[in-house]
Amino acid sequence: MGMEGARMVVLGDELAQRPRHVHARRLQAHRRGRLELGRAEAEVRRETGRRPGVGRRLILVAPAPVLAPPLAHYPQCRVSLNPGILARGPWQTGQVAASWTDEPFEPAPERIAAADEAIATLADRGSPSHDGLAARLAGFEETGEGLRMQLQPMRWSLRLVREDASASLAALCVVRDSDGRWLAGRRAPWVASWAGRWALGAGGAVEVGEDPVVALARELEEEWSVVPDRMTVEALVCLPNRSAMLIGQAWLHDGAEVERDAEHDEHAWWPADPGEWPAEASRELRLMAGLIDP
């Protein structure tokens, strides 16, 4: 692993300059698939007075919350968002904040067609295939005080587009018990992503108007019926299909018991040392553990 610490800003395509808060709209959370991280870099054009730094870098192969006041100004620009670590914590939950614009993301016609096709494929498989709105990462800023994100509504199914998920934002909450063991669950065969595979913790889409830190705890409670003793936010990453993921780590109370939801058909507590994990632990999951607990 190689890392270089620096602050980086990523801006969304043609984002309105005056963000306004959007009320939350409850949608069923969907889970996403494979984690692969590489090199992160952002290209920002026409941003007067800012000079983006080189992003933190992780070499892998192939994963009390508050709403901030709106960020004052995001110039209209285009951005190159490449796989890798966009911002690296850990941060306390109160150091990570988000503001929303009600200006929805308008994808190109070819991405709309690709999203339509992806939804139809889910329906053919018998997986949940309803569509709706979810969060898109339109911009972020890492400061000495924490992480601030600018979000906007986007069509949920755009996250299914393999070539380019349009910076759709998901929350992944990795779960540890009081002894440091890792909660792992095997995904049921009917789910939309990672069917039949083992995954760490809980995860899914950030809902419209939702604070992404709140989404971490929500996913944990929905999938495992448990509330964390404490939580930190570990990183903001970009996956190979240009979807973004906020990664949190939750620690449970001593003696806490989890109850899996219908999207998992088996679960286990893997050892604190990933080197002792069972054979079903994929390389991606081991790399994720190395990112969170190096």
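The values are calculated or read from the model by the stated rules, or taken from the named source; none is laboratory data. Small disclaimer: the values here were computed from a predicted structure and weren't measured. Neighbour counts run over all protein chains shown; Cβ positions are idealised from the backbone, glycine included.
Structure notes:
- Test: residue in the stretch 254-266 that is more than 28 Å from Ser127 (Cα to Cα) and hydrophobic (A, V, I, L, M, F, W, C): yes
- The single condition among (1) over 27 Å from Gln150 (Cα atoms); (2) in a loop (DSSP other than H, G, I, E, B) that Pro228 does not meet is (1).
- Some residue of the stretch 189-199 being closer than 24 Å to Gly255 by Cα and not charged (D, E, K, R): yes
- Within the stretch 180-190, the set of residues being surrounded by 20 or more Cβ atoms within 10 Å (Cβ to Cβ) and not small (Gly, Ala, Ser) comprises Trp182, Leu183, Arg187.
- Residue in the stretch 198-210 that is modelled with pLDDT of 95 or more, surrounded by fewer than 21 Cβ atoms within 10 Å (Cβ to Cβ), in contact with a Pro (Cβ under 8 Å, 6 or more places away or on another chain) and hydrophobic (A, V, I, L, M, F, W, C) present: no
- Note on the stretch 262-286: residues that are surrounded by fewer than 18 Cβ atoms within 10 Å (Cβ to Cβ), of a type in the set (D, E, K, R) and under 22 Å from the mean Cα position of the chain (by Cα) total 2.
- Residues in the stretch 162-179 that are out of contact with any Lys or Arg (no Cβ under 6 Å at 6 or more places or on another chain), of a type outside the set (S, T, N, Q) and surrounded by fewer than 24 Cβ atoms within 10 Å (Cβ to Cβ): Arg162, Glu163, Arg176, Asp177, Asp179.
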